[in-house]
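Here is the structure we will look at.
Rule-based calculations on the coordinates, nothing more; no lab input. Predicted model, so just to flag it, every value in this text is computed and none were measured. Positions of Cβ are generated from backbone atoms using ideal geometry, with glycine treated the same way; all protein chains shown enter the neighbour counts.
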Amino acid sequence: MAQATKKKPLAAAPDLIAAARIAAQSHFRTLRLGTPFQPRLDALAKTQDWYNWAGYRAPHSLWDEELEYFAIRSQAALFDISPMTKYRIEGPDAEAFLDRVTLRDVTRLRPGRVHYTAWCDDEGFVLDDGTLFRLSPTRFRLCSQERHLPWLLDSALGFEVTVEEETEAVAGLALQGPTSFAVLRDAGFAGVDKLKVFDLAEFEHDGATVTISRTGFTGDLGYELFVAADKALSLWDRLMTSGEPRGIRAIGYTALNRARLEAGLIVANADFTTAEHAIRADRLRMPDEIGLGFMIDLEKGHFNGRRAILEARTKRRLLHVLVGLEIEGNIPAEHAIVYYRKSQEVGLVSAAMWSPMAKRNIAIASLARPYGDTLVEDLWVEIYAMRELQYQKLMKRAKVVARPFIKLDRRTSNPPADF
Amino acid sequence: MTLFDGIVIGGGHNGLVAAATLAKAGRKVLVLEAAAELGGAARTQEFAPGFRVSSIAHVLNRLHPDVMKTLELEKHGLRIARADFIPSVALSKDGPALVLHGAYGEVLTGASSAEQSAWKELRAQLLRYAGILKPFLARRPPDLGGMSLLETASLGQTALALKKLGKEGMRDFLRVLLMNVADLLDEQLADDRLKGLLAFDATLGSHLGPRSPTSLLGLYYRLAGETGGAAGAQWLPQGGMGAVVAAIRAAADKAGVTIRTSVPVASILVEKGRAVGVALDTGEELRASTIVSAINPATTFLDLVGPREIDTGFTRKVKNIRMKGDVAKLHLALDRPPRFTGADAADHKGRLVIAPSPDHVERAFNPSKYGEFSPEPVMEVTLPSLADASLAPGGACVLSAVVQYAPYQLKEGWDAGKPKFLAAIMAQLEAYAPGIGKTVRHAELLTPADIEKRYRMPGGHWHHGELQADQMLISRPVSGWSGYDTPLDGLFLAGAGSHPGGGVSGAPGLNAARRIIAMKG
């Protein structure tokens, strides 16, 4: 042991180099990074209920998840989306590049517009879904759940385009709820009333610009705001101040997750397993198997996975289907097994809740075809309801229903309603 | 209007074999060759006034019998007689040469009687094991996704062949399969000259030394080839390698193939995931339902098709194909035939190998790992004009040598390194054939950089991709696409970059054509 501690003195120069290298890699000392809004979140976090969102410390709830949910539906809710992975994609070939990488026709996405899209590996399995913001004819922002820089860079071969990750540099906020437009207007964002659903525009903020889009993950009237990280706190304060009379509240993910389920929206690695995360071969999903088939445009130019998707469609090799379910009773069927004729296992519920808005017991489930596809009768879910240390097994009838589970006129109405 | 059913890009020997085979099956086929002359790296070219030589490939040892038969190459002038087999001569600076006669050493001379019997045993073993691999190294690789009855049956045959080895033989086959050649030779042989020759043959054309794992596979690859019905036999074609291509061309002509030379293809036209034609660099567009690329796979996808039309994962795989050549080709115009020490007149007509021991080959390899050429290179030398006087002016002599190791990415750059490497080669030749230097009328050294440029072979690699275990069989040219078809409907690969690999075999071209016919493409 004595020998092990007897270190040879290192030369001074390598020592300095090593010190500089260690300093540059000190990220590991902070196990969960804070977002640019962290000082404000920390001040509001009464529950201290944090989770890990892509390496960031993000709140499950801040004060009361029930009331946070109702802030979305009846006031204005402010949700920090900074941890979302963001890529800046720019260059004369940016449109062609994204058209080749993603499923939807990017040539039809006009500057100043946003669309929801997804992208696949060579085998046609979904790598992720996300939103694509067209900031100018040659500049885009791609937002996603997972990280994809190597994939995007390798896909860029042959295109005049640069791809840069800007997750840390750009802070993001979702402002959702019936009073959200009024909050923005009162905060002084003149012209924000012109934004129709999926529109985006740039506004002045604190000597810089903030990109505001009429988008969101709640199925409600709402906006998303992106700003340089150093202007994050002033933006937060601006919104909170103007929003106070209209009941603005900061919220955590649990509330948002309920709202998105009512809106029928899916979450990568919650409702389906992304291709690079799946270990088991039968967990991979094609767009058609998770309800994203509508994105596929076989008429546009080549896109990644086209061949495999086309082949699976022609040879009828689509094995799964993602459906919305309405379940009798009011007990959430979270992660319940779905049965055909109460006996044959045909799928699994990935998200479920009693919907206060729809007044229905709703769920999203993945089923093995033909169940949920051509065979939709006689489906059941088995709910294990814990009642004072005993499971009560409930076999409840499930009906395949269309998503979204709720449709709010205020989400799309123009001009957006004042409140 | 479609004038042709199929367009073959590249008039190398594989392209011509594919074209002729398709034409014989009734397809209307057009071959487009970028160079003024057909044959690719298997041409006979003049390199000095009156001196002609086989361009890159100079020894024929694996032209596939099915190619001979399908294209009736004998009828078209390619006749290989047993008497024409050439010996392999392991040269020695200061003693008699050791000679493998007939088909890869049916008779060994110049060695002790103990070594002779050890060789007899090793040769039988090598041929036995190569024989098991032989069907794999000829046919289309098995489709792991869904095997046809025929494929399953042929795999079964291999299993049967393995079984016939007996329990011990089967164990030994599997034991040595991925061994390095040096260790196997040390187990069974004693004579450094013989071991040096075999070590050289096993590593020829690859970025491996005899002590690199899996280097024995190279020897199996050689012995899985046959000439005139004899495994491992080798032949110097009369008229050079161009004569072999001329015979294949004659078969193609007879089958009705249209051939255009000096027509570089600029791109492959793709519409909705299907290759529908080619665009020439003149802007002319030609359409056909089947496009066969008998050129390099990376050139095919990254340049002609372009990464926009293929998936990212596939592009990654293509970009990762290792193809940095490590071999140079030397052509000398000599005033008179050289005299190699210890070799007799018959030996001089054979394949003369300078590789005195496995250690020597290994030491020649070492610098190439770090971007330097071998200071004492190893090489195989032929003097084709001795048996074919038409190749050199009266009394003069052509020397053709394949020289290792010459890394494609030479650290100092080939502009600076080439004269130095030529000097190193000449010093080595001088040591084995004293006085040769003074008779050199003209010398042409083709480094991998030259080969890349002249023959459109990326990396100057004559296999169009390293031929090592990870880039063979179901992984050639890339995993998932080893069956000559590609992610683009209507586009097929038919060159050495596809299974089984390089050498003048015609196997990739034949297999590709058969695949196209089977797919009714």
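For the protein assembly as shown, a simple Cβ point-charge model (Lys and Arg +1, Asp and Glu -1, everything else neutral) yields a dipole of about 1420 debye relative to the Cα centre. Using 0.36 nm per residue and subtracting the Cα-Cα separation, the extra length available between residue B:25 and residue B:438 on full extension is 143.3 nm. In a simple Cβ point-charge model (Lys, Arg +1; Asp, Glu -1; nothing else charged), chain A has a dipole of about 580 debye relative to its Cα centre. Assuming R0 = 60 Å, can you tell me the calculated FRET efficiency for the pair residue B:431 and residue A:113, based on Cβ-Cβ distance, to the nearest 0.05? Plugging the Cβ-Cβ distance into 1/(1 + (r/R0)^6) gives 0.20.
For the pair region B:26-97 / region A:113-152, the C-alpha centres are spaced 52 Å from each other. Couplings 3J(HN,Hα) for region A:80-94, derived from phi with the Karplus relation 6.51 cos²θ - 1.76 cosθ + 1.60 (θ = phi - 60°), are 7, 10, 4, x, 4, 6, 10, 10, 9, 10, 9, x, x, 9, 4 Hz, where x marks Gly and Pro.
Candidates A:405, A:314, A:290 compared by Cα position along the dipole of region A:262-419: farthest toward the positive end lies A:314, with charges placed on Cβ. Here's how it looks for residue A:85: its modeled amide H is under 5 Å from those of A:144, which are all 5 or more places away or on a different chain. Its DSSP H runs of at least 4 residues, each contributing -39,500 (n - 2.57), put the calculated 222 nm mean residue ellipticity of chain B at -10000 deg cm²/dmol, to the nearest 500. Put a dot 7 Å past each Cα toward the Cβ at residue A:278 and residue A:418; how far apart are the dots in nm? Output for this residue pair reads 5.1 nm.
Listed by Cβ neighbour count within 10 Å, with the fewest neighbours leading, A:166, A:160, B:380, B:168 appear as B:168, A:160, A:166, B:380. Among B:470, B:172, the order by Cβ neighbours within 10 angstrom, fewest to most, reads B:470, B:172. Each of B:179, B:126, B:205 was placed along the dipole of region B:116-228 (beta-carbon charges, centred on the mean Cα), and the one lying farthest toward the positive end is B:126.
Region B:263-278 and region A:27-65 have Cα centres separated by 53 Å.
Measuring nothing but how far apart in sequence close Cα pairs (under 8 Å, 6+ apart) lie, relative to its length, region B:378-467 scores a relative contact order of 20 percent.
Each Cα pair under 8 Å and six or more residues apart adds its sequence gap; the mean of these over the residue count of region A:281-401 is a relative contact order of 25 percent.
When +1 charges are put on Lys and Arg Cβ atoms and -1 charges on Asp and Glu Cβ atoms, the dipole computed for region A:281-401 relative to its Cα centre reaches about 160 debye. State, as an integer percentage, the relative contact order of chain B based on alpha-carbon contacts under 8 Å between residues 6 or more apart. Over chain B, the number comes to 24 percent. Applying a DSSP loop filter and a limit of 16 other Cβ atoms within 10 Å to the trypsin sites (Lys or Arg not before Pro) in region B:40-142 leaves B:75, B:79, B:93. For the pair residue A:202 and residue A:315 in one chain, pulling the backbone fully straight at 0.36 nm per residue adds 36.0 nm over the alpha carbon distance. If the chain linking residue B:420 and residue B:359 were pulled fully straight, counting 0.36 nm for each residue of separation and taking away their Cα-Cα distance, it would gain 19.7 nm. Over the residues of chain A, the helix contribution to mean residue ellipticity at 222 nm works out to -6000 deg cm²/dmol, using -39500 (n - 2.57) for each DSSP H run of at least 4.
Considering only B:144, B:375, A:389, and ranking their Cα positions along the charge dipole of the protein assembly as shown that arises from unit charges at the beta-carbon of Lys, Arg, Asp and Glu, the one farthest toward the positive end is B:144.
Each residue in B:17, B:504, A:227, B:8 was given a count of other beta-carbon atoms within 10 angstrom of its own, and listing them fewest first yields A:227, B:504, B:17, B:8. Sort chain A into rounded, prolate or oblate with this rule: let a ≥ b ≥ c be the square roots of the eigenvalues of the Cα gyration tensor; rounded if a/c is under 1.5, and if a/c is not under 1.5, prolate when a/b is larger than b/c, oblate otherwise. The shape class here is rounded.
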